[in-house]
Amino acid sequence: MFIGMLLCLPLFRLKMWFRQGQLQDKSPAGLEEGRATAVGETDGLLDPTTEQSSPLKVFFPAMADLVSCGLMFSGLMFTTASVYQMLRGAQVVFCAVLSVIFLRRSLNKYEKAGILLTVVGITCVGCAPLLAAYDTDGSTSREASTGNEIFGIGLILLAELVGAFQFIMEEKLLQDVKMDAMVLAGYEGVWGSLVCLAVVLPLFQWLPGPDDGHLEDSVDSIYMLQHSNQLLAAQAVNVISVLGYNIFGLIVIQDFTAMHRVIMEASRSLLVWMTDLTIFYVITDGRFGEGWVWTSWIQLAGFIILLLGTCTYNWLTLSGQVPEDPDAIPSKDGRRHSVKSTGSHRSRANSGRW
């Protein structure tokens, strides 16, 4: 994952080189303009006195990303992929609370209603596997299955809280410090890779576990990568997908807010669930994936409510009611507050970052 994020740094250099070439081709005056633009946007990486050049600022969001992913994947071991994906909508609630506390952001009535609907949708999704667990045969298996589901859901929700802290820190860096999205993702990849190589992987190699006596046998993993082209290709696809996921996710935070990112991420759950069903019924003939049971109707209702919450939260933006001046919506006390979280209309063409 962090290797994919690390690749954002050379891509940032390539972007700056491409932009400079575009400006130089427009006119003779564009030569100097292109030089100034490229130098102005890359000096954050070259000049140690600038805010953008400090990789230390990215250490904490990088560590939050590492902890969040570890908790989420651990929780995935005790529940299904669709529940894991849908419960990620809990970040909407956590991120909203943290944005009010740390970013001093006010929420309008549409945002509050959207968050409430999201909570209801998450509750439906979380209850579905618990009810399904009681449908199995034997009281012992029911208790064990239910306990595993509760534990897995708890880990995922804790991961979402840590991830919400990460998004709030990233929004601070992207919008207040004005760090470029690719630079931020690249530095997170650097920190994550260093910590994994120096701390996490050696620790997992030393701790006892089911993987040939280790909690995670890194030596065996490297051996499998060297002797399996399919596994190597799968990891390459994973690196590319992580690269794109983090770039586009941070761009959303840079141009809008962290709340917009987590709201949109909650809506991709349907695709994961449909893929799970397709794998079960079409590809593997019931060996892998997730089958349709009576509690799937509850999951479907939960997703629909999550989708309604997404639309409600972004209602002002979707209906075109957001004014040009983001401070033009008054609150009940008559004062005007920023509604940055309802849709910053800065486009990349106007902001000059693309």
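Name the pairs whose Cβ atoms lie under 8 Å apart, with the first residue in the stretch 215-239 and free of Cβ contacts under 8 Å to residues at least 60 places away in the same chain and within 24 Å of GLY70 (Cβ to Cβ), the second open to solvent by 80 Å² or more (accessible area, probe 1.4 Å) and among the charged types (D, E, K, R), and 6 or more positions between them or separate chains?
Pairs that qualify, where the first residue is free of Cβ contacts under 8 Å to residues at least 60 places away in the same chain and within 24 Å of GLY70 (Cβ to Cβ) and the partner is open to solvent by 80 Å² or more (accessible area, probe 1.4 Å) and among the charged types (D, E, K, R), are ASP220/ASP212.
Scanning the stretch 70-98 for residues that are modelled with pLDDT of 85 or more, open to solvent by less than 20 Å² (accessible area, probe 1.4 Å) and farther than 16 Å from VAL119 by Cβ, which turns out farthest from the chain's Cα centre (by Cα)?
GLY75
Under 8 Å by Cβ, and 6 or more places apart or on different chains, what pairs join a residue from the stretch 166-178 that is farther than 11 Å from PRO61 by Cα and basic (Lys, Arg) with one that is in a helix (DSSP H, G or I) and open to solvent by 10 Å² or more (accessible area, probe 1.4 Å)?
Pairs that qualify, where the first residue is farther than 11 Å from PRO61 by Cα and basic (Lys, Arg) and the partner is in a helix (DSSP H, G or I) and open to solvent by 10 Å² or more (accessible area, probe 1.4 Å), are LYS178/GLU51; LYS178/GLN52.
Count, please, the residues in the stretch 186-226 that happen to be more than 30 Å from LEU14 (Cα to Cα), out of contact with any strand residue (DSSP E or B) (no Cβ under 8 Å at 6 or more places or on another chain) and open to solvent by less than 40 Å² (accessible area, probe 1.4 Å).
The qualifying residues number 4.
Looking only at the stretch 269-300, filter to residues that are more than 23 Å from the chain's Cα centre (by Cα) and open to solvent by less than 30 Å² (accessible area, probe 1.4 Å); which one of those is farthest from THR123 (Cα to Cα)?
The residue in question is THR284.
The values are calculated or read from the model by the stated rules, or taken from the named source; none is laboratory data. These numbers come from a predicted model, not from an experiment. Using ideal geometry, Cβ is built from the backbone for each residue, glycine included, and neighbour counts are taken over all protein chains shown. SASA here: full protein model, heavy atoms, side chains in, ligands and nucleic acids out. Shrake-Rupley method; radii C 1.70, N 1.55, O 1.52, S 1.80 Å.
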